[in-house]
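Contents: one structure, followed by commentary.
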Amino acid sequence: MKALSGVALIALSLTLAACGKSEEGATPKGEAIAAVAPPAGATWSETVAETADGYYLMGNPAAKLKLVEFGSYTCSHCKDFSAEASEEIKKLVDTGKMSFEFRTYVRDPIDISTALLARCGGKDIFYPLSEQFFANQNAMFEKAQALGDQPYQALMSAPPAERFGKLAGALGLVDFAKQRGIAEDQAKQCLADTASAEKLAKGVEAANSQYQITGTPSFLINGVLVDNVANWATLQPKLKEAGI
């Protein structure tokens, strides 16, 4: 798998990693974790904070079990995981035993466009908006296929600050975000933010360097990459082994 700089990733049209299998890693094991009450008037799954690396952590920041997903908005396995696991993860997060952090692993320009829009409304709507973008994946792919190669390449030839906005507009992603509370001007501003696009790319480079990510979704439990896990059925037993 090839790691690319942010500038190179802006022009990328092929995937960086497989959508599916992750590589080996031990599963952390631990004693049963006690539940922790949320702040008054709140639930842990509605408690979201930005991390030092610019990702969004859902739940108790001091949770003894920390689950991280590396996921891609253009990965069908990630879409399936979102559909089958999002509510289950929230239930576990609400116990205060576990926190959850989705780290966007961008693989292509459509992925970057979606990631920029998902982050555009900030931490409070990032997770519900991400779930809706995953649910929209098939419709987005249909628009991408209907677009054709030449129009796509023309969009990718636009200046960097215009590229993702044009692509997102052609795929209906701007309208999709508008229907979910992101103003059009705000969406366009987020899509023109090349610094954020490059930061997403650097996050991929960092993940590759530290964890050797080879597929999405991939998962960390307390900082350890777990093996042979790409869906909720295989992840849930690992969480139980870790004490949840």
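The values are calculated or read from the model by the stated rules, or taken from the named source; none is laboratory data. Treat the numbers as computed from the prediction; the structure is a model and nothing was measured. Here the Cβ positions follow ideal geometry from the backbone for every residue, glycine too, while neighbour counts run over all protein chains shown. Remember, those area values only see protein heavy atoms, side chains included, never the ligands or the DNA or RNA. Shrake-Rupley method; radii C 1.70, N 1.55, O 1.52, S 1.80 Å.
Brief remarks follow.
- With the helix formula -39500 (n - 2.57) applied to DSSP H stretches of n ≥ 4, the chain reaches a computed 222 nm mean residue ellipticity of -14500 deg cm²/dmol.
- Measuring nothing but how far apart in sequence close Cα pairs (under 8 Å, 6+ apart) lie, relative to its length, the range 65-165 scores a relative contact order of 32 percent.
- If you take the Cα centroid of the range 54-100 and the Cα centroid of the range 199-244, the two points sit 11 Å apart.
- Pairwise label distance in nanometres, Lys199 with Met156, each label 7 Å out on the Cα-Cβ vector: 2.6 nm
- Kirkwood hydrodynamic radius (C-alpha pairs) into Stokes-Einstein, the range 75-119, 10 °C and 1.306 mPa s, D in µm²/s: 132 µm²/s
- Per residue solvent-accessible surface (Å²) - the range 70-135, probe of 1.4 Å: 28 Å²
- For the range 21-161, the antiparallel share of DSSP beta bridges with both residues in that region comes to about 45%.
- With respect to the chain, whose longest principal axis is taken over its alpha-carbon atoms, helix 109-118 is tilted by about 60°.
- Ratio of the Cα radius of gyration of the range 98-149 to 2.2 N^0.38 Å, where N counts its residues: 1.25
- In this calculation the C-beta distance from Lys91 to Ala146 is compared with R0 = 35 Å, giving a FRET efficiency of 0.35.
- Label-to-label distance, nm, for residues given as Ala135 and Glu31 (7 Å Cα→Cβ offset): 4.2 nm
- When Rg and Dmax are taken over the Cα atoms of the range 61-153, they come to 14.8, 50 Å.
- Taking Cα atoms only, the orientation of helix 137-147 departs from the longest principal axis of the chain by about 20 degrees.
- Accessible surface of the chain [probe 1.4 Å, protein heavy atoms]: carbon and sulfur percent: 52 percent
- Acute angle (nearest 10 degrees) that the helix 76-94 long axis makes with the longest principal axis of the chain, alpha-carbon atoms: 40 degrees
- Inter-label distance for Asp124 and Thr214, nm, one decimal - labels placed 7 Å from Cα along Cα-to-Cβ: 4.3 nm
- Paired Rg and Dmax values of the range 114-195, which use every Cα atom, in angstrom: 12.4, 38
- Rg over Rh for the chain works out to 0.97, both radii taken from alpha-carbon positions and Rh defined as the Kirkwood radius.
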